[in-house]
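Q: Below is the structure I would like to discuss, written out as structure tokens.
The values are calculated or read from the model by the stated rules, or taken from the named source; none is laboratory data. In this text the structure is predicted, and so the values were computed from the model without any measurement. Positions of Cβ are generated from backbone atoms using ideal geometry, with glycine treated the same way; all protein chains shown enter the neighbour counts. All accessible areas refer to the heavy atoms of the entire protein, side chains included, with ligands and DNA or RNA removed. Shrake-Rupley method; radii C 1.70, N 1.55, O 1.52, S 1.80 Å.
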Amino acid sequence: SRHERIHTRRPYHVDRADKSSLDDDLVNLEVLNEDTIIHQLQKRYADLQIYTYVGDILIALNPFQNLSIYSPQFSKLYHGVKRSSNPPHIFASADAAYQSMVTFSKDQCIIISGESGAGKTESAHLIVQHLTFLGKANNRALREKILQVNPLVEAFGNACTAINDNSSRFGKYLEMMFTPTGAVMGAKISEYLLEKSRVIKQAVGEKNFHIFYYIYAGLYHQKKLSEYRLPDKKPPRYIDNETGRVMHDIVTKDSYGRQFEAIQHCFRIIGFTDEEVYSVYRILTGILNTGNIEFAAISSQHQTDKSEVPNPEALDNAAALLSIGSEELQEALTSHCVVTRGETIIRTNTVDKAADVRDAMSKALYGRLFSWIVNRINTLLQPDKNICNAESGMNVGILDIFGFENFARNSFEQLCINIANEQIQFYFNQHIFALEQMEYQSEGIDATTVEYEDNRPLLDMFLQKPMGLLSLLDEESRFPQATDLTLVDKFEDNLRCKYFWRPKGVELSFGIQHYAGKVLYDASAFLEKNRDTLPADIVVVLRTSENKLLQQLFSSPLTKTGNLAQARARVTAASRSLPPQLSAGRIKVDTMEVMRHPEETTNMKRQTMASYFRYSLMDLLSKMVVGQPHFIRCIKPNDDREALMFSHERVLLQLRYTGILETVKIRQKGYSHRILFEEFVKRYYYLAFKAHETPLGSRENCLAILEKSKLDNWILGKTKVY
């Protein structure tokens, strides 16, 4: 209630016949400063109007509750109408992208940004939902499939963190493909930088990837735990936590069981075979059993760095589920082959080394399985060659990437996430600010320059070669005797700029001044995480698996972004690199042959996480820049996930670092519509000419149309009408 009047109106008046409210767009505010903007957003949020425009950018405040504004009748409202006909809505942004694509035959890209827990993933769902509605193909099956993609990849790629129960732990770029007339005809996902380390260890109060809990609950209710060798009392180490309630939750929480059924439904609808799904479950439960393998030291007179598996139960379970020999697995975990001067020497692993190898194997299994699922989805959702060849179509890309993170302890994963956000912020700045200025100058239109925070120098500090932070990390990772301390020393010696500092008295810590604020990073395990080693011995054993899928995971090469290459093109290479005893008709096992092959496919020239990250960023940007961008800025109104609670400080901070204030200024000074002379005349000529005439797309003709239609607030550039 404001002014002692109770507001009974629902926040969404659907009968607004073109009475666009001026409040809908911050650009219309007469007095423009942080206070008026915050006041405006807060007033709207209290009315449950979570969406507000800034020119063509959409601000979305997380309502932390379910709103009933996403039903089919809302989809119908936001379908090819003027933006001002309805209240701001995420459907309007999807519609704008769709209309631009169809009208101008140009690819579009929707960039959803915001910090962790601001609502990016939900927003991405809503956009996909609306685009499938707009691109109604006759093919209902395809629409169904596309809508199942997000829930499926999220079960494998999302997890519960300290600040978000459904946090994306990977970057996702979803491209929806349309025919020239605008019917949806296929989809493709690209995944980047899955946080594999989460499989083996989670911070206090956090959880492993959702799928492990879903599958555990599902198998429990189907009474199949023993078939998959899972205990029903003490949870496996990889999902156990300090609360001791994991098993209790798995058994009693309805949601886990429901989610398991939903995932089975997703697999089925998208088109995975039962055999494929069975293999996926076996690999997942195999990972959980692998985590339980324990090692003990064997001390003999000569050496103390030998390890063994004292209790073979977990080892046998893991080997059975992965369809490999249990002795071979034990050997690959507790020893490794070194080839020197043509001789093969077997060296033993210490207990710690064996545990590292075990965890590296689990991470590799999960990471490659995730990649395979994504590749399989892409194969099943690719456009049907008979309907339309993909080249003549167009697409709308949707970027949902982990938001900026600042935890109590920030590690290598947070650094990568934050650099990625830094890069997206740079793209936003370039697009909104720099391009705007250049546009006006090149068209000879007078526009005052707006100051904005340019984070280019910071990006250079991270990405430059050979002295940027990532290059220094790679260089240090090549020295066997380097430690995390020598790494931080190296950073300090070489990164001499205002964005980097080293706090006094904390050896392994360094600080970065990001666009979104200061973050302290803990460098312990940086080198280990960056090297991301997977011993060849493990690869050799996993390739002997009788599980076809598992064999394939370790026979396909990795791409430069660290994902599994699409299998089709590589059949010959893959079959060539299987251990000889599996290749047709050759029984003789030549150990040198087996030893040499992993080099082909696990790329022993040691790709590091930093190099995968660098290529992933390049790949992502190259996808984004081809399309016309649409920005959605998600904002987190409070840190307690409370509905209707609006924290002034938190929102202000996000508005500051996302450059919303500068954006408003630029948009206020700017012209929101720019149309080429030719296009303008073609579209509007009959306002000033006769219908059968075909006037030239000249400056004079544009002038004639504008004067005839008595418009104001326009200006003519060199090639465009503003």
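Q: Give segment 378-389 a look and list any residue that's in a loop (DSSP other than H, G, I, E, B) and open to solvent by 20 Å² or more (accessible area, probe 1.4 Å), or say none.
A: From segment 378-389, those in a loop (DSSP other than H, G, I, E, B) are 381-389; that's our starting set.
Selection gives GLN382, ASP384, LYS385, ASN386, ILE387, ASN389.
Q: Of the conditions (1) hydrophobic (A, V, I, L, M, F, W, C); (2) more than 28 Å from GLU451 (Cα to Cα); (3) in a helix (DSSP H, G or I), LEU661 clears all except one; give me its number.
A: For LEU661, the failing item is (2).
Q: When residues of segment 494-510 are filtered for being more than 23 Å from ARG456 (Cβ to Cβ) and outside any loop (DSSP other than H, G, I, E, B), how many remain?
A: Summing the residues that are more than 23 Å from ARG456 (Cβ to Cβ) and outside any loop (DSSP other than H, G, I, E, B) in segment 494-510 gives 1.
Q: Take PHE402 and tell me if it is out of contact with any strand residue (DSSP E or B) (no Cβ under 7 Å at 6 or more places or on another chain) and in a loop (DSSP other than H, G, I, E, B).
A: Considered against the rule, which asks whether it is out of contact with any strand residue (DSSP E or B) (no Cβ under 7 Å at 6 or more places or on another chain) and in a loop (DSSP other than H, G, I, E, B), PHE402 comes out as no.
Q: Can you pull out the residues in segment 346-377 that are open to solvent by less than 30 Å² (accessible area, probe 1.4 Å) and either of a type in the set (A, V, I, L, M) or modelled with pLDDT under 95 (or both)? Please lay out each step first, then the result.
A: Initial filter on segment 346-377 (open to solvent by less than 30 Å² (accessible area, probe 1.4 Å)): 349, 354-355, 357-362, 364-375, 377.
Scanning segment 346-377 gives ASN349, ALA354, ALA355, VAL357, ALA360, MET361, ALA364, LEU365, LEU369, ILE373, VAL374, ILE377.
Q: Next up: Of all residues being of a type outside the set (A, V, I, L, M, F, W, C) and open to solvent by less than 20 Å² (accessible area, probe 1.4 Å) in segment 78-92, which is nearest to MET176 (Cα to Cα)? Just the residue, please. Even if it seems obvious, please write down each step before you answer.
A: Residues of segment 78-92 that are of a type outside the set (A, V, I, L, M, F, W, C), as a first pass: 78-80, 82-89.
Next cut, open to solvent by less than 20 Å² (accessible area, probe 1.4 Å) only: 78, 86-89.
Values: TYR78: 19, ASN86: 25, PRO87: 26, PRO88: 23, HIS89: 20 Å.
Among them, the one singled out is TYR78.
Q: A further question follows. For residues that are crowded, with 16+ Cβ neighbours inside 10 Å and in contact with a Pro (Cβ under 8 Å, 6 or more places away or on another chain), scanning just segment 483-509, find the one that is farthest from ARG650 (Cα to Cα).
A: SER509
Q: Now for a separate question. Of all residues in segment 592-631 being part of a loop (DSSP other than H, G, I, E, B) and crowded, with 20+ Cβ neighbours inside 10 Å, which is modelled with the lowest pLDDT?
A: If we filter segment 592-631 for residues that are part of a loop (DSSP other than H, G, I, E, B), which is where we start, we get 603-608, 627.
Right, trim to crowded, with 20+ Cβ neighbours inside 10 Å and you get 608, 627.
On the way: THR608: 93, GLY627: 88.
The residue in question is GLY627.
Q: Within segment 441-477, can you find the residues that are in contact with a Ser or Thr (Cβ under 9 Å, 6 or more places away or on another chain) and under 17 Å from LYS490 (Cα atoms)?
A: LEU463, GLN464, LYS465, LEU470, LEU473, ASP474, GLU476, SER477
Q: Criterion first (free of Cβ contacts under 8 Å to residues at least 60 places away in the same chain, of a type outside the set (A, V, I, L, M, F, W, C), closer than 30 Å to ASP356 by Cα and surrounded by fewer than 20 Cβ atoms within 10 Å (Cβ to Cβ)) does GLU154 satisfy it?
A: On the way: free of Cβ contacts under 8 Å to residues at least 60 places away in the same chain: yes; of a type outside the set (A, V, I, L, M, F, W, C): yes; closer than 30 Å to ASP356 by Cα: yes; surrounded by fewer than 20 Cβ atoms within 10 Å (Cβ to Cβ): no.
Here the answer is no, as GLU154 does not meet what is asked.
Q: Given the criteria among the hydrophobic types (A, V, I, L, M, F, W, C) and open to solvent by 40 Å² or more (accessible area, probe 1.4 Å), does VAL31 qualify? If you could, list the steps in order and put the result at the bottom.
A: On the way: among the hydrophobic types (A, V, I, L, M, F, W, C): yes; open to solvent by 40 Å² or more (accessible area, probe 1.4 Å): yes.
Considered against the rule, which asks whether it is among the hydrophobic types (A, V, I, L, M, F, W, C) and open to solvent by 40 Å² or more (accessible area, probe 1.4 Å), VAL31 comes out as yes.
Q: Could I ask something else about it? Please state which one of ASN406, ASN410, ASN418 is touching a His at 6+ places or on another chain (Cβ under 6 Å) and farther than 28 Å from PHE104 by Cα.
A: Values: ASN406 fails: touching a His at 6+ places or on another chain (Cβ under 6 Å); ASN410 fails: touching a His at 6+ places or on another chain (Cβ under 6 Å).
When all the criteria are applied, what remains is ASN418.
Q: Among the numbered conditions (1) at pLDDT 90 or above; (2) in a helix (DSSP H, G or I); (3) open to solvent by 80 Å² or more (accessible area, probe 1.4 Å), tell me where VAL681 comes up short.
A: Tallying (1) at pLDDT 90 or above; (2) in a helix (DSSP H, G or I); (3) open to solvent by 80 Å² or more (accessible area, probe 1.4 Å), VAL681 fails exactly one: (3).
Q: From the list GLY218, GLY182, pick out the single residue that is more than 23 Å from SER616 (Cβ to Cβ), assigned to a loop (DSSP other than H, G, I, E, B) and not basic (Lys, Arg).
A: On the way: GLY218 fails: assigned to a loop (DSSP other than H, G, I, E, B).
Result: GLY182 is the single residue among GLY218, GLY182 that is more than 23 Å from SER616 (Cβ to Cβ), assigned to a loop (DSSP other than H, G, I, E, B) and not basic (Lys, Arg).
For every residue, the table says whether it meets (1) open to solvent by 20 Å² or more (accessible area, probe 1.4 Å); (2) touching a strand residue (DSSP E or B) at 6+ places or on another chain (Cβ under 7 Å).
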| residue | (1), (2) |
| --- | --- |
| ILE59 | no, yes |
| ALA96 | yes, yes |
| GLN99 | yes, no |
| SER105 | yes, yes |
| GLN108 | no, yes |
| ASN138 | yes, no |
| ALA141 | yes, no |
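Q: How many residues are closer than 16 Å to HIS514 by Cα, open to solvent by less than 20 Å² (accessible area, probe 1.4 Å) and part of a helix (DSSP H, G or I) if we restrict to segment 442-480? Even if it seems obvious, please write down each step before you answer.
A: First, pick out the residues of segment 442-480 that are closer than 16 Å to HIS514 by Cα: 452-463, 468-470.
When the remaining residues are screened for being open to solvent by less than 20 Å² (accessible area, probe 1.4 Å), the result is 455, 458-459, 461-462, 468-470.
Still in the list and also part of a helix (DSSP H, G or I): 458-459, 461-462, 469-470.
Summing the residues that are closer than 16 Å to HIS514 by Cα, open to solvent by less than 20 Å² (accessible area, probe 1.4 Å) and part of a helix (DSSP H, G or I) in segment 442-480 gives 6.
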